[in-house]
Amino acid sequence: MIRVTDVIKRYSSEVAIGPVDLTIEPGGIIALVGPNGAGKSTLLTMMGRLLGMDGGSISIAGHDVARTPSRELATIVSILRQENHFITRLTVRQLVGFGRFPYSQGRLTPADEQIIDRAISFLDLTGLEGRYLDELSGGQRQRAYVAMVLAQDTEYVLLDEPLNNLDMRHSVAMMRHLHDAAHTLGRTIVIVLHDINFACQYADRLCAMKDGRVVAFGTPEEIMTSEVLTDVFETTVEVIDGPRGRLAVYY
Amino acid sequence: MTVPSPAAGAVRAPGRGRAPGRLVDPKLLLGILVVGALLVASLFTGVYDIWGADDGAAMFAITRVPRTIALVLAGAAMAMSGLVMQLLTQNRFVEPTTTGTTEWAGLGLLLVMVVAPEASLTARMIGAVVASFVGTVIFFAFLRRVTLRSSLIVPIVGIMLGAVVGSISTFIALRTNSLQIIGVWFAGSFTDIIRGQYEVLWITGLVGVAVFIAADRFTVAGLGEEIATNVGLNYPRMVLIGTGLIAVATGVVTVVVGNLPFLGLIVPNIVSLIRGDDLRSNLPWVCLLGIGIVTVCDLVGRTLIMPFEVPVSLILGILGAVVFIALLLHRRRRG
């Protein structure tokens, strides 16, 4: 369970996030949705202890993220930001192998190699595992990063806009991979999503944020209504019944 | 640098791309043999007739052996410092001479000698190490404050910072009549390495051991603060340890040998281009190539205008600049 209590982050006297109170029960995909600047990524980054809080506390599976040693936390929760830029020339397999670092400290055991194998095949990267990251397309590289956090084998996975820069086909494939990970591997995946229709289709619960606060939390059926969405996004949103469930129309 | 470039697929990892775990392979043995041959050549290159003269054996032990050991230690230390620095800044174009660290070491050395002209080698060394540490921390703090995405701006800022520190040193030297200290520092050279003068360089050997031990953690740090923290690495502590190791290596080498420009820049880049970036299996190569390049440059410097010597920094500077430009063009083509 992720428990967010009175969390505040101040950027300036006018701009602040929170106070946020939120309880996320384990299991499934939880999508954070909302307009730009709502604080979704900030909240996610604080959950993943990459950003400090100015007030309140967050605990994940009973561990206070501000006080638990980073190495211990790395076996409970993993986080992937959207901008991943590094100069190191790594192959896909080497990158995914770093997901095992919290357990092996760099010396991979045969058991680690098996988990790496599984993460790689789970994201359909088996044919690419020997390739260097700078030789891959954006979608393939994104999958490699996700394979790394899956190899970390944490109960909670936090992803910041994993569909960024992906086209339709790759976005759908990525969401299916994540859906499988949540339901067959039993992970709890918290994910920042921009596309409300993707969120409705693949997430089990939606958390709508606006102006630094959580304004609605519930199942897709509860959130996907034109009243809630129009209020959250401050633009007219109509919700219609499509062939595979509800669709938000906003243009 | 992570933009996809389909044309770049020249180098493929062998086999299934499993991280190469073996430290010793036939190629590495060959490399060791080649560098070993260079070192033997270094032992027997010089004006003094060590075979014919009565004190030949003594001279061999007093000058040639220390000089060759110094080449090994300094070459490996500067190449590894460059590698660690590149990982910590996530920038391929930094190394102690493009971040001002060597200039800071020079300033520290000068200050100790101005304040206490009779200072021992150890005191001078401590001065240089402390100054390089301070300088590197300042540079890293600056990088954190202004997130510079353009990889070329970072070394430019570092070189500017180095130039400012260097001119402060020159000013102090002018006012205290100690310009020749600056001159000696600037012209890094192995000419004066003799028994009793070089032994502190062994400290850089310890730095090398530390880098080997922490290799995996430095590789993870090289993935950036966020990914490193995600997998549980104490990133700030790693930066501090890395800075300390770089400062010790740079400070000691500066005091004993002087400035060795570009060595830390070109060596890790060449190794990475050829072998990818598995740090643990690359480290022996980085050491070897560092030793090899500095030895070749020293041999060239010693034989070019025999019986005189050209400072090794001069040869390294020319070679380094050429390789640096080639790397810039190559990396640009790769995107």
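The values are calculated or read from the model by the stated rules, or taken from the named source; none is laboratory data. On a predicted model such as this, the values are computed, not experimentally measured, just so you know. Cβ: placed from backbone, ideal geometry, glycine included. Neighbour counts: every protein chain shown. Surface accessibility is based on the protein's heavy atoms, side chains included, excluding ligands, DNA and RNA. Shrake-Rupley method; radii C 1.70, N 1.55, O 1.52, S 1.80 Å.
Descriptive notes on the structure:
- Residue within segment B:283-305 that is among the small types (Gly, Ala, Ser) and part of a loop (DSSP other than H, G, I, E, B) present: no
- One residue from B:Gly251, B:Gly188 being within 24 Å of B:Val137 (Cβ to Cβ), outside any helix (DSSP H, G or I) and either touching a Lys or Arg at 6+ places or on another chain (Cβ under 6 Å) or more than 14 Å from chain A (Cβ to nearest Cβ) (or both): B:Gly188
- For the condition in contact (Cβ under 8 Å) with a residue 24 or more places away in the chain, over 22 Å from A:Asp180 (Cβ atoms), of a type in the set (Gly, Ala, Ser) and buried (at least 22 other Cβ atoms within 10 Å of the Cβ), A:Ala74 qualifies.
- Residues in segment B:206-226 that are open to solvent by 10 Å² or more (accessible area, probe 1.4 Å) and touching a Phe, Trp or Tyr at 6+ places or on another chain (Cβ under 7 Å): B:Glu225 alone.
- No other residue among A:Leu128, A:Leu178, A:Leu193, A:Leu166 is among the aliphatic types (A, V, I, L, M), farther than 24 Å from A:Arg71 by Cα, open to solvent by 10 Å² or more (accessible area, probe 1.4 Å) and not assigned by TED's automatic domain parsing to the domain that holds A:Arg89 apart from A:Leu166.
- Test: residue in segment A:222-237 that is touching a Lys or Arg at 6+ places or on another chain (Cβ under 6 Å), open to solvent by less than 50 Å² (accessible area, probe 1.4 Å) and more than 23 Å from A:Pro162 (Cβ to Cβ): no
- For segment A:77-117, the candidate set comprises residues that are more than 8 Å from chain B (Cβ to nearest Cβ), modelled with pLDDT under 90 and within 20 Å of the chain's Cα centre (by Cα); within that set, the residue that is nearest to B:Leu223 (Cα to Cα) is A:Glu83.
- Residue within segment B:151-168 that is touching a helix residue (DSSP H, G or I) at 6+ places or on another chain (Cβ under 8 Å), in a helix (DSSP H, G or I), open to solvent by 70 Å² or more (accessible area, probe 1.4 Å) and of a type outside the set (Gly, Ala, Ser) present: yes
- Within segment A:84-119, being open to solvent by 30 Å² or more (accessible area, probe 1.4 Å) and in contact with a strand residue (DSSP E or B) (Cβ under 9 Å, 6 or more places away or on another chain) holds for no residue.
- Of the residues in segment B:282-297, at least one is within 14 Å of chain A (Cβ to nearest Cβ), closer than 16 Å to B:Met78 by Cα and not hydrophobic (A, V, I, L, M, F, W, C).
- Residue within segment B:227-247 that is more than 10 Å from chain A (Cβ to nearest Cβ), over 30 Å from A:Met46 (Cα atoms) and either among the aromatic types (Phe, Trp, Tyr) or free of Cβ contacts under 8 Å to residues at least 12 places away in the same chain (or both) present: no
- Some residue of segment B:324-335 being at pLDDT 85 or above, part of a helix (DSSP H, G or I) and open to solvent by less than 30 Å² (accessible area, probe 1.4 Å): no
- Being open to solvent by less than 10 Å² (accessible area, probe 1.4 Å) and within 14 Å of chain A (Cβ to nearest Cβ) is a condition met by at least one residue of segment B:94-104.
- When residues in segment A:1-29 are screened for being aromatic (Phe, Trp, Tyr) and open to solvent by less than 70 Å² (accessible area, probe 1.4 Å), 0 of them pass.
- Qualifying residue in segment A:119-126 (condition: of a type in the set (D, E, K, R) and within 9 Å of another protein chain (Cβ to nearest Cβ)): no
- Of the criteria (1) assigned to a helix (DSSP H, G or I); (2) touching a Ser or Thr at 6+ places or on another chain (Cβ under 6 Å), which one A:Leu163 fails: (1)
Yes/no matrix, rows are residues, columns are (1) aliphatic (A, V, I, L, M); (2) within 30 Å of B:Gln197 (Cα to Cα):
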position: B:Asn230; (1), (2): no, no
position: B:Val253; (1), (2): yes, yes
position: B:Phe262; (1), (2): no, yes
position: B:Leu265; (1), (2): yes, yes
position: B:Asp277; (1), (2): no, no
position: B:Phe308; (1), (2): no, yes
position: B:Leu327; (1), (2): yes, no
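- For segment A:51-76, filtering for residues that are at the interface with another protein chain (Cβ under 9 Å from one of its Cβ atoms) and touching a Leu at 6+ places or on another chain (Cβ under 9 Å) leaves 3.
- Boolean, A:Leu159 is under 14 Å from the mean Cα position of the chain (by Cα), in the same structural domain as A:Gly39 (by TED's automatic domain parsing), closer than 22 Å to B:Val220 by Cβ and at pLDDT 90 or above: yes
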